[in-house]
Amino acid sequence: MRKILVTGGAGFIGSSLSEKLLNDPDNFVVIVDDLSTGKNHNLPKIASNNWEFVNCDANKLEDMLPVMVSHKFDFVFHYAAVVGVQRTLQNPIAVLKDIDGIRNILHLSKNTGVKRVLYASSSEVYGESVRYPQDEIVTPLNSRLPYAVVKNVGESFCRSYKQEFDLDYTIFRFFNTYGPKQSEDFVMSKFVKMALNNEDITIYGDGQQQRTFCFIDDNIDTCIKILNNDLHINDVVNVGSNIEFSIEELAKTVIEVTKSKSKLVFLPPLKEGDMKRRCPDVGRMDEILGRERIGLKEGLSYLLQSKKIMEWAK
């Protein structure tokens, strides 16, 4: 049986990953989360002896040491982090503390026999890119945001531990991912909630910022295939979509799919953190996934069929 640790496993992507890992009876999954942003209700509803939850902080060595020494994991998915543009701008010191978590996980992994650490990085490491689509080879970090800097530091830690201690890694650079468990402070969930309640949909700036949107199933299937098939060891993979939409187009699509009466309202642009364009090169991901990615309208229809919608609709 493979022992797998998922930090941040009560968050949106971490909990979705944990559930999918538990579909394989040969996996034993330990979920770690301090529930600062993760939620108890995101934890797996599977009644089995193949998983357990530990309420602790990945950024505290004294919390992680007993977990990792007692279990001696085969693989670690390090997803614990402060996320979200507004949240990271408002809590820059908390973001910097995530460096401690990265160091803790890698240090304990190399001392307890972990075979590979799979690290959740971000599209933010590209900053305001000079080349599109953004590929895994060129990473010109030119962002001033602490979140982007910390994710880039995490990638450097992974490479350094490989060089110094021969600890294998895979880096996932996640682009906008959405799905039923996403919290309400991200653009997709915000727009859907507003539309379901026929409220004005607010857009910062002129709405022409270009983004791509990846449904959670595409993200999770890619990452698990990378694990199961020993792919992209000591390498980086963009995980997202390369189909671009302006934020205004996204809002109009949400209104169309939800059959909403919402109107668009434009607000002054954010002072920082709202990059003009995000578009990954997903050639590696497409090879791994081996199927068509889920389109925006299809993903929205799945989202609207989920129980989450009952919480969002007043």
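Read-outs: derived from the displayed coordinates by stated rules, not from any lab. Remember, it's a predicted structure, so these values are computed and weren't measured experimentally. Neighbour counts are summed over all protein chains in view; Cβ atoms, including those assigned to glycine, are modelled from backbone coordinates with ideal geometry.
Before moving on, here are some points about what is shown:
- Segment 23-48 and segment 274-299 have Cα centres lying 26 Å from one another.
- You can think of it this way: the chain between Ser36 and Glu199 has 55.8 nm of extra reach, that is 0.36 nm per residue less the Cα-Cα gap.
- Net length available on complete extension from Val69 to Lys297 is 77.6 nm, with 0.36 nm assigned per residue and the Cα-Cα distance removed.
- FRET efficiency, 1/(1 + (r/R0)^6) with R0 25 Å, evaluated for Lys115 and Glu62 via beta carbons: 0.50
- Distance-filtered residues of segment 261-301 - backbone nitrogen under 16 Å, label point 7 angstrom along Tyr132 Cα→Cβ: 274-282
- Compared with the alpha-carbon gap, the fully stretched path from Lys276 to Asp230 is longer by 13.1 nm at 0.36 nm per residue.
- P(r) tail, the chain: Cα-Cα pairs separated by more than 28 Å, 37% of all pairs.
- Note: relative contact order over the chain, using C-alpha pairs below 8 Å and six or more positions apart, is 17 percent.
- When the Gaussian network model of the chain links Cα atoms closer than 10 Å, the mean-square fluctuations of Leu270, Leu35, Leu61 top out at Leu270.
- For the chain, built as a Gaussian network whose Cα springs stay under 10 Å, the top-fluctuating residue of Val192, Val239, Val69: Val69
- For segment 6-60, the set of chymotrypsin sites (Phe, Trp or Tyr not before Pro) satisfying both a DSSP loop assignment and a count of at most 13 other C-beta atoms within 10 Å is empty.
- Helix-only mean residue ellipticity at 222 nm for the chain, each DSSP H run of n ≥ 4 adding -39500 (n - 2.57), per residue, nearest 500: -12000 deg cm²/dmol
- Derived scalar couplings between HN and Hα for segment 92-109 equal x, 5, 4, 4, 5, 5, 5, 4, 4, x, 4, 4, 4, 5, 5, 4, 6, 5 Hz in order, rounded to whole Hz, by the Karplus curve 6.51 cos²θ - 1.76 cosθ + 1.60 (θ = phi - 60°), x for Gly and Pro.
- Nitroxide proxy distance, nm - points 7 Å out along Cα→Cβ at Ser48 and Val265: 4.7 nm
- Under 5 Å between amide hydrogens, built in the peptide plane, is the criterion, and for Ala80 it picks out Thr7, Gly8 among residues at least 5 positions away or on other chains.
- With the simple model of a label 7 Å out from the Cα in the direction of the Cβ, Ser156 to Ala313 spans 4.9 nm.
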